[in-house]
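Here's the structure, in structure tokens; my notes come after.
The numbers here are math on the coordinates, done by the rules we state, and not lab data. Bear in mind that the values here come from a model prediction, so they are computed numbers and not experimental data. Don't worry about glycine lacking a Cβ; one is built from the backbone with ideal geometry, like all the others, and counts go over all protein chains shown.
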Amino acid sequence: MGETWDVLVAGGGNAALCAAIAARRAGARVLVVEAAPKFYRGGNTRHTRNMRCAHETATEHLTGPYTEDEFWDDLLRVTQGQTDEDLARYMIAKSSHMLGWIGEQGVRFQPSLGGTLSLGRTNSFFLGGGRAMLNALYLTAEKLGVEVRYDTPITALEIDNGRFRAAILNGTTRIEARSFVAAAGGFEANLEWLKESWGDRAENFLIRGTPYNRGDVLRMLIDAGVEPVGDPTQCHAVAIDARAPKFDGGIITRLDCVVFGIVVNSEARRFYDEGEDFWPKRYAIWGRLVADQPDQIAYILFDAKSLKMFMPSLYPPVTAGSIAELAGKLGLDAARLEATVGDFNGAVRSGSFDHTVLDDCRTEGLNPPKTHWARRIDEAPFYAYPVRPGITFTYLGTRVDRHARVRMANVGPSENMFAAGEIMAGNVLGRGYAAGIGMTIGGVFGRIAGEEAARHAVG
């Protein structure tokens, strides 16, 4: 037997909950359907730590201002211009109100974590992490009267000439709604879809987040005529511990020690500048870099003086008393690794080491160079972490406008379909990433989508 709601929200993470709360506060009857079981609800939001928002002054937890112009400059740099400028600037402007709004929904913040993150001025950290943030949003949504159903994937969509009519849940239940919000994530957990663009390399990818983001809703929308945006090979991809599980390893398998050492591939050769820029603006390029290496594996090498300068992985580093011994434990050619480390050490030009600034410790005459934070690897014991590409979320998604309405190919904006979060992140992120932007996209466009969906449904 069918049901009718004002707003149907597909997904259970940050974007979906912001949309549901905003729609409910605007007077709509809201149903949220989450494909995952209750324990695993929330998609990739469970593994997040912070959100990047523009703000004019320091706060209790932020050490200084982060202007809209600076935010835009950072986004422009990491995307290398591959972003919808109008939509991105609109999101940044709206982000300045996001921290206050999300705080009103019960989310609490804490001081920034230290180490290489360097985010104390730009990013607000959730007290208790992503799961605590999610729990606060769910509690608020439920108190407002939002209904949530778990283990409830959408298996079909009924869309007529760009207008949403109904969704089929679990292959049986038909739900009609006056408005539909797609916030069901990307397709990173769908290895067959990844292989369409990446080929067999995708077999060696690890999925940092939920196994439930298979892109089913995204595929249905594109098949129904929604205009896609983004490159299917572009994604948030970081280098994570190669010993991590295939799915759901989360934040604790990420490694933030690249800037303190060198990275070599399975041929024991360096392949990129480890000190190109601050880690929060470069950590999300390393997944793609490793994906392009033989067998999609690499190794981060450093020595004793760097061991306690970063947040460690869940797994201990491989340890050895010499570079040759370390090579043996990693299965690398010892002579080649010794030569690579020797060449690097010989090229280092010492300066005043300071990982909180773009310091003057660099290499000279080395290709690729290490532009900052270059120190000789010469103090035993020596350490290494094996890393593989860790895919967080994909950038191929649905094109939207400022109202979060999805655009139909050759038709224009849909009358009653909206999208928020990873499923439309490619509008802002054509490539690259900076820490916390995914949560900004989800929060800002989730709120917009909810408000606009409710406006259409109830006036």
Check: In whole Å, what are the Cα extents of the range 180-274 along the three principal axes, biggest one first?
Finding: 48, 24, 21
Check: Once label points are set 7 Å from the Cα along Cα→Cβ at both Tyr150 and Asp277, what is their separation, rounded to one decimal in nm?
Finding: 4.0
Checklist line | On Cα atoms only, tilt of 68-79 relative to the major axis of the chain in degrees | finding: 70
Checklist line | the chain - Kirkwood radius from inverse mean 1/r over Cα pairs (Å) | finding: 22.7
Next item on the list: Provide the gained length on full extension for the span Ala324 to Thr356, in nm with one decimal, where the gain is 0.36 nm per separating residue minus the Cα-Cα distance.
Entry: 8.4 nm
Margin query: Just to confirm the number: angle between the C-alpha axis of helix 334-347 and the first principal axis of the chain, 0 to 90 degrees, nearest 10?
Written below: 90
Next item on the list: With only alpha-carbon atoms counted, please give the Rg and Dmax of the range 279-323, in Å.
Entry: 12.7, 33
Next item on the list: Give the value in nm², to one decimal: projected area of the alpha carbon convex hull of the range 238-390, averaged over all directions.
Entry: 8.0
Next item on the list: Calculate, in nm to one decimal, what Phe39 and Glu68 gain on full extension: separation in residues at 0.36 nm each, minus their alpha carbon distance.
Entry: 6.8 nm
Next item on the list: Name the residues whose placed amide hydrogens come within less than 5 Å of the amide hydrogen of Phe393, ignoring near sequence neighbours (fewer than 5 apart) on the same chain.
Entry: His236
Next item on the list: Calculate, for Arg108 and Lys143, the FRET efficiency according to 1/(1 + (r/R0)^6) with r their C-beta to C-beta distance and R0 22 Å; round to the nearest 0.05.
Entry: 0.85
Item checked: Sequence-separation-based contact order of the chain, relative, with Cα cut under 8 Å and 6+ spacing, percent -> 25
Next item on the list: With r as the distance between the Cβ atoms of Ile252 and Ala409 and R0 = 30 Å, compute the FRET efficiency 1/(1 + (r/R0)^6) and round to 0.05.
Entry: 0.15
Next item on the list: Compute the separation of the alpha-carbon centres of the range 155-190 and the range 11-76 and state it in Å as a whole number.
Entry: 22
Next item on the list: About the Cα centre of the chain, how large is the charge dipole given +1 on each Lys and Arg Cβ and -1 on each Asp and Glu Cβ? Please answer in debye to the nearest 20.
Entry: 940
Next item on the list: Give me the distance between the Cα centres of the range 81-108 and the range 441-459, rounded to whole Å.
Entry: 13
Margin query: Taking every alpha carbon pair in the range 215-260, what does the distance histogram look like in 10 angstrom bins from 0, in percent?
Written below: 20, 33, 27, 18, 3
Check: Which pairs break 27 Å Cα to Cα here: Lys94/Lys281; Lys308/Lys370; Lys94/Lys308; Lys305/Lys370; Lys246/Lys329; Lys38/Lys94?
Finding: Lys94/Lys308; Lys38/Lys94
Next item on the list: Treat each spin label as a single point 7 Å out from the Cα along the C-beta direction, and report the Ala339 to Glu192 distance in nm.
Entry: 4.5
Notebook entry, point to check: Given labels modelled 7 Å from the Cα in the Cβ direction, how far is it in nm from Ala58 to Arg455?
Noted result: 3.8
Next item on the list: Take peptides 436-442, 44-50, 101-107 and line them up by average Cβ neighbours within 10 Å, highest first, as a rough protection proxy.
Entry: 436-442, 44-50, 101-107
Notebook entry, point to check: Once the piece of chain linking Glu85 and His97 is laid out straight, how much longer is it, given 0.36 nm per residue of separation minus the C-alpha distance between them?
Noted result: 2.4 nm
Next item on the list: Calculate one ³J(HN,Hα) per residue across the range 422-432 by plugging θ = phi - 60° into the Karplus curve 6.51 cos²θ - 1.76 cosθ + 1.60, and present them in order as whole Hz with x for glycine and proline.
Entry: 4, 5, 10, 4, x, 5, 9, 10, x, 6, x
Checklist line | Rounded to 5, percent antiparallel among DSSP beta bridges of the chain | finding: 70
Item checked: Zone residues, the range 240-266, relative to Leu314, backbone N less than 12 Å from point 7 Å out along Cα-to-Cβ -> 241-254
Notebook entry, point to check: Tell me, what HN-Hα J-couplings in whole Hz come from the Karplus equation 6.51 cos²θ - 1.76 cosθ + 1.60 at θ = phi - 60° for each residue of the range 142-151, using x for Gly and Pro?
Noted result: 5, 5, 6, x, 6, 8, 10, 10, 9, 6
Notebook entry, point to check: What value, in deg cm²/dmol to 500, does the helix sum -39500 (n - 2.57) over DSSP H runs of n ≥ 4 give at 222 nm once divided by the residues of the chain?
Noted result: -8000 deg cm²/dmol
Notebook entry, point to check: Viscosity 0.890 mPa s, temperature 25 °C: Stokes-Einstein D of the range 3-142 from its Kirkwood Cα radius, in µm² per second?
Noted result: 150
Margin query: Whole-Hz ³J(HN,Hα) for each residue in the range 271-288, computed from phi via Karplus 6.51 cos²θ - 1.76 cosθ + 1.60 with θ = phi - 60°, x for glycine and proline: what do you get?
Written below: 9, 6, 6, 6, x, 5, 7, 4, 4, x, 9, 10, 4, 7, 8, 6, x, 5
Next item on the list: Quote the convex hull volume per residue of the range 97-202, based on C-alpha atoms, as a whole number of Å³.
Entry: 204
